[in-house]
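One structure below.
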Amino acid sequence: MSPGTTRDHLLPIIETASGKRCGEHFGLCFHPEFLRESTAIADFYDPPKTVIGAFDEKSGEALARLYEGIDDKVTFTTIEAAETVKYVDNTWHALKVSFANEIGKVCRASGVDSHAVMDIFVQDTKLNISPYYMKPGFAFGGSCLPKDVRGINHLAKSLGGRRVSSTKLKKAPPLRAVVLIAASLLVPMS
């Protein structure tokens, strides 16, 4: 659901239809689910996370009580952040599946066991599967990232495939760096 849908579109409809005011007469939350279709019941009782976007603290606490005995690590946030995180989660999962499939093509064309490669890859929970690189900020760089992105793309092309990563990945770091540096120059220093 697009950020703002609950507050900007649904809330006015509820208030108009009920003649009541949110925060005074009723509470409002957006609570995204993170259930896989094949294991939804098991995921409900052992959730990866429970996110509650609440109009106010009272609304969030009322909804959180439903999870007593199921999940004691409820994340409270704004309604808009909760709406957005659902998009982010599913986009990230789609990106991971697509990435793994692209690596599988390169491995298959190279005669390498892609499952062995990915089994090793996911062992690294410090960098590969972690929050470490998951904060928006400056462009990626260093000595290895640009070199190895170019390397795997060259390998994929030489094996008759397409780039593993999009052209945007190749062009994004310099452009991102220029934008951030220019923006910092426009902001007066205190």
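Quick note: the coordinates plus some simple rules give every number you see, no bench work behind them. The shown structure was predicted, so the numbers you read here are calculated from the model rather than taken from an experiment. So basically every Cβ, Gly included, is an ideal-geometry build from the backbone, and we count neighbours across all protein chains shown.
Could you list, in sequence order, all residues of segment 27-39 that are surrounded by 15 or more Cβ atoms within 10 Å (Cβ to Cβ) and outside any loop (DSSP other than H, G, I, E, B)?
Let us first name the residues in segment 27-39 that are surrounded by 15 or more Cβ atoms within 10 Å (Cβ to Cβ), namely 27-32, 34.
The answer is Cys29, Phe30.
Determine if segment 61-69 includes at least one residue that is outside any helix (DSSP H, G or I), touching a helix residue (DSSP H, G or I) at 6+ places or on another chain (Cβ under 8 Å) and of a type in the set (Gly, Ala, Ser). Please lay out each step first, then the result.
The initial filter retains those residues of segment 61-69 that are outside any helix (DSSP H, G or I), namely 68-69.
Now restrict to residues that are touching a helix residue (DSSP H, G or I) at 6+ places or on another chain (Cβ under 8 Å): none.
Checking segment 61-69: not a single residue is outside any helix (DSSP H, G or I), touching a helix residue (DSSP H, G or I) at 6+ places or on another chain (Cβ under 8 Å) and of a type in the set (Gly, Ala, Ser).
Based on this model, can you work out whether Ser59 counts as of a type in the set (Gly, Ala, Ser) and touching a Leu at 6+ places or on another chain (Cβ under 6 Å)? Steps first, answer last, please.
Numbers: of a type in the set (Gly, Ala, Ser): yes; touching a Leu at 6+ places or on another chain (Cβ under 6 Å): yes.
The answer is yes for Ser59.
Out of Thr50, Thr16, Thr39, I need the residue that is of a type in the set (Val, Ile, Thr) and within 20 Å of the chain's Cα centre (by Cα). Which one? Steps first, answer last, please.
On the way: Thr16 fails: within 20 Å of the chain's Cα centre (by Cα); Thr39 fails: within 20 Å of the chain's Cα centre (by Cα).
Checking each option against the conditions leaves just Thr50.
With the structure loaded, tell me whether Thr91 is in a helix (DSSP H, G or I) and either closer than 16 Å to Gly27 by Cβ or without any contact (Cβ under 8 Å) to a residue 24 or more places away in the chain (or both) or whether it fails that test. Write out each step before concluding.
Values: in a helix (DSSP H, G or I): yes; either closer than 16 Å to Gly27 by Cβ or without any contact (Cβ under 8 Å) to a residue 24 or more places away in the chain (or both): yes.
For Thr91, the condition - in a helix (DSSP H, G or I) and either closer than 16 Å to Gly27 by Cβ or without any contact (Cβ under 8 Å) to a residue 24 or more places away in the chain (or both) - is met.
Of these, Arg7, Arg21, which one is basic (Lys, Arg) and either surrounded by fewer than 12 Cβ atoms within 10 Å (Cβ to Cβ) or in contact with a Leu (Cβ under 6 Å, 6 or more places away or on another chain) (or both)?
On the way: Arg7 fails: either surrounded by fewer than 12 Cβ atoms within 10 Å (Cβ to Cβ) or in contact with a Leu (Cβ under 6 Å, 6 or more places away or on another chain) (or both).
Within the list Arg7, Arg21, the selection yields Arg21.
Name the single residue, out of those in segment 40-55 being surrounded by 11 or more Cβ atoms within 10 Å (Cβ to Cβ) and β-branched (Val, Ile, Thr), that is farthest from Ala94 (Cα to Cα).
For segment 40-55, the residue satisfying everything is Ile52.
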